[in-house]
1. Scan (1) buried (at least 20 other Cβ atoms within 10 Å of the Cβ); (2) over 21 Å from residue B:109 (Cα atoms); (3) in contact with a helix residue (DSSP H, G or I) (Cβ under 6 Å, 6 or more places away or on another chain); (4) within 14 Å of chain C (Cβ to nearest Cβ) for the single condition residue B:231 breaks and write down its number.
2. Taking the stated definitions as given, is residue B:223 in contact with a helix residue (DSSP H, G or I) (Cβ under 6 Å, 6 or more places away or on another chain) and buried (at least 24 other Cβ atoms within 10 Å of the Cβ)?
3. Of the numbered conditions (1) in contact with a helix residue (DSSP H, G or I) (Cβ under 7 Å, 6 or more places away or on another chain); (2) over 24 Å from residue A:20 (Cβ atoms), residue A:181 satisfies every one except a single condition; which is it?
4. Across the range B:55-66, what is the number of residues that are closer than 21 Å to residue B:200 by Cβ, away from chain A (no Cβ under 13 Å) and not in a strand (DSSP E or B)?
5. If a residue must be within 14 Å of chain C (Cβ to nearest Cβ) and either more than 29 Å from residue C:33 (Cβ to Cβ) or crowded, with 21+ Cβ neighbours inside 10 Å (or both), how many such residues does the range B:172-199 contain?
6. Report yes if residue B:69 is part of a loop (DSSP other than H, G, I, E, B), facing another protein chain (nearest Cβ under 9 Å) and more than 19 Å from the chain's Cα centre (by Cα), otherwise no.
7. So which residues in the range B:247-275 are over 21 Å from the mean Cα position of the chain (by Cα) and over 20 Å from residue B:221 (Cα atoms)?
8. Does residue C:32 meet the test of being in a helix (DSSP H, G or I), over 25 Å from residue C:256 (Cα atoms) and touching a residue at least 24 places away in the same chain (Cβ under 8 Å)?
């Protein structure tokens with residue numbers, strides 16, 4: 001995989017990414033995109049969502065702090081991005097936590113094609129069940145991905161990727177990315193990233209940026225985004241000084257993306273391909 | 001008081017805290033909860049507020065950036081948490097600044113039982129006046145708490161705590177906590193914390209987390225939260241380097257919570273009990 | 001110009017600034033205002049916007065993450081501030097990006113008098129075109145301000161300032177401020193500030209604070225705000241350590257405002273006056 005080229009193209013093209021995302025982590029998402037060389041716009045009103053998307057290069061839809069006010073924005077922006085051929089990324093934050101999020105996710109899956117879907121394993125399993133009621137009996141949605149259940153998890157993800165036509169990325173202890181044919185298992189990252197709010201949202205936005213800059217190579221683009229975020233988690237952790245905690249770590253992660261080069265990404269990525 | 005045990009139980013149980021809170025400080029609130037070992041969820045839409053609360057262990061309602069859209073969420077989540085016996089904390093941010101906030105606070109006081117109410121002295125005095133129009137002539141709502149007016153302030157707070165059934169916490173130069181019977185006077189903290197936006201919101205969320213993990217000991221739980229925040233303010237200040245200002249301080253405070261142990265809290269807390 | 005006195009008066013009077021602003025950068029705006037010695041309030045609901053403004057000393061209206069819900073708040077708060085003689089600052093974030101923002105900006109320009117308008121050159125050109133359809137053929141809205149096109153840009157800004165009665169501030173590689181008569185060219189700042197989200201929003205809020213504390217000297221107040229932000233960008237950059245990126249820089253900038261004195265501002269400001 002040409003991960004270096006993916007990041008180099010991102011920095012060279014500086015894509016404009018439209019984010020309809022939660023207010024908890026919007027600032028971190030914006031700074032992460034800037035750190036990676038992309039440019040962020042946040043706009044969530046139904047009166048402008050589609051028009052803003054039309055002027056951008058990629059779209060990131062995020063269900064955190066979902067609002068009735070912005071559901072029409074998610075749908076209209078997603079459809080406009082599809083019409084124009086812009087990549088759209090879905091982050092189904094907490095989709096299993098309420099009927100409202102589940103119904104919104106179902107409506108999105110029905111009417112918008114996603115270039116990529118990124119979540120934790122529980123969110124992705126919930127999404128897959130929503131997508132097809134014929135999906136039948138499922139593993140425990142809370143099942144963490146381990147080396148032991150890796151083959152069956154990969155089968156499940158490959159099938160979900162095929163049915164949706166999206167590159168599916170699951171992040172957790174191990175990160176898995178598949179386009180329905182090839183699967184990448186990524187072993188970057190640190191468990192302490194779970195103590196920083198918004199690293200998932202940041203990764204979803206970064207995925208949209210990598211896809212916008214690498215349209216011909218969607219699988220590689222998503223793998224590059226996932227590796228970059230995990231690697232930044234490792235680089236940021238190495239910068240931790242005594243007394244520093246999750247706030248300092250949050251900044252070190254984004255600052256590591258700021259300094260990450262294509263070559264550095266290529267060298268630090270821990271990817272294994274399985275087909 | 002067993003403050004060490006309160007924090008140890010919080011870290012051991014990792015309660016999920018639902019926050020309906022302002023967008024100015026939501027990110028800091030989320031990271032503060034993570035630093036303390038709790039887990040945050042923010043969700044404010046009327047279509048999901050009660051359902052999200054049902055899946056959590058505690059609820060934090062905050063009137064900052066109050067919106068007409070989310071008033072029904074505050075009410076329905078509060079009532080659902082009451083029904084399920086989850087502790088609910090009210091932070092009446094700026095309740096004296098508009099009729100809208102005052103009316104919302106009055107509606108909340110009428111229909112939701114709060115395990116704790118936390119604000120500055122002016123907010124708490126306004127709230128008390130709203131709670132009972134029979135309360136009559138009041139001291140200047142802007143009166144700061146001083147060593148001189150401490151006895152009369154404690155009388156006032158004790159009475160308000162009895163009438164609401166809430167543990168009442170007033171933070172400022174001195175911090176006061178009472179359940180209507182016992183009163184704790186806390187002398188932790190630094191005046192420079194007032195230069196960091198959101199330390200009050202963070203404390204209210206932390207109070208919900210301490211209460212969720214220590215349901216049998218509400219007074220101690222609130223005292224532990226107030227002491228922890230003040231102590232983090234002292235520890236964070238000790239980490240300040242030349243050139244650092246309120247942004248660095250903000251991070252040092254949360255990072256200090258990240259490293260705070262039960263024993264450290266017990267040792268650093270400056271509490272005097274009066275009954 | 002007495003820039004030192006402007007900042008000294010701001011720190012001495014500690015004005016309360018009402019911000020109706022986007023959720024992406026609201027936290028940074030609040031901390032920046034605190035760093036400068038002002039006090040922030042964010043409130044955007046139509047049910048309280050005008051009343052909150054009435055209790056404040058200045059108002060900052062920002063079109064980022066514009067919402068249908070808050071358009072009436074922008075209008076009513078702006079009009080109330082005008083009625084009471086409080087300075088109002090407009091930040092037309094992304095006004096060229098959607099019809100919704102353009103229509104809202106047009107409605108604001110029609111019904112609210114702004115003490116100052118601050119944006120990048122593209123936003124200000126769009127705003128000027130909206131203000132007067134008679135404005136006719138315009139330079140490319142994307143034209144950056146350079147030493148070469150400085151005279152014609154100053155003419156354009158002077159004319160826009162006269163027509164609106166606002167002090168107009170354009171920030172970019174060069175910063176320009178004019179009240180329609182005098183023009184200030186400011187050469188503070190660093191290009192890396194563009195990699196930090198929200199430095200523009202922060203400057204707009206800071207401008208409202210400087211105006212509130214220096215009502216007799218609007219031009220100087222705006223020049224002082226622009227110089228202070230640019231100087232903080234230089235001071236913050238000087239604090240950067242190896243490995244630090246845009247997140248650390250964000251904090252260094254605000255922390256530099258925290259430590260900035262009137263004398264330091266006077267000494268570090270790079271202003272040239274042209275009339």
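The values are calculated or read from the model by the stated rules, or taken from the named source; none is laboratory data. Only a predicted model underlies this, so the values are computations on that prediction, with no experimental measurement involved. Counting neighbours? That spans all protein chains shown, and the Cβs are built from the backbone with ideal geometry, glycine included.
1. Here residue B:231 clears every test but (4).
2. Criteria not met by residue B:223.
3. Tallying (1) in contact with a helix residue (DSSP H, G or I) (Cβ under 7 Å, 6 or more places away or on another chain); (2) over 24 Å from residue A:20 (Cβ atoms), residue A:181 fails exactly one: (1).
4. Residues meeting the conditions: 2.
5. 5
6. So residue B:69 does not fit the description; no.
7. B:247, B:248
8. So residue C:32 fails the test.
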